[in-house]
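A short reminder: the numbers here are calculations on the coordinates, not readings from a lab. Quantities reported herein were computed from a predicted structural model and do not represent experimental measurements. Here the Cβ positions follow ideal geometry from the backbone for every residue, glycine too, while neighbour counts run over all protein chains shown.
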Amino acid sequence: MYHFTAIVTCLAVAFYFFTSTQVARARVRYGVKLPAISGNPDFERIFRIQMNTLEWLPIFLPSLWLFAIYVGDAGAAVVGLLWIIGRILYFLGYREAVAKRSRGFAVQAMACIILWVGALGGAAWRLVH
């Protein structure tokens, strides 16, 4: 069973839901009416946080689960939590200024690389052995 990975998956989905609510709040705060996605730089940064999170979820989630299957549940959960921490740092930095997003982006990207390489390596190892 993959209890830890399931919990991290739920946390990642909760974080994505949080970013969605932040976009809705920013629409009201900055007066950006639907269907517009531009017009206020502060809104646009919040919107890009949500969209970038969505763009990374199809990379993160399969890598997380394949890592859990081929390497281990606890390890996947730890690296998955690192991804979430990176996304939080990305959120905190990017909402202030574009230049402040890099640290969080690097952390979450490294977590995804670890998960993907581990999943691929684990699958290849089992295939050979």
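Take the conditions (1) within 13 Å of the chain's Cα centre (by Cα); (2) over 23 Å from ALA106 (Cβ atoms); (3) of a type in the set (A, V, I, L, M); ILE49 misses just one of them, which is (2). The set of residues in region 108-129 being crowded, with 17+ Cβ neighbours inside 10 Å and either closer than 19 Å to LEU57 by Cβ or in contact with a strand residue (DSSP E or B) (Cβ under 6 Å, 6 or more places away or on another chain) (or both) consists of GLN108, ALA111, CYS112, ILE114, LEU115, TRP116, GLY118, ALA119.
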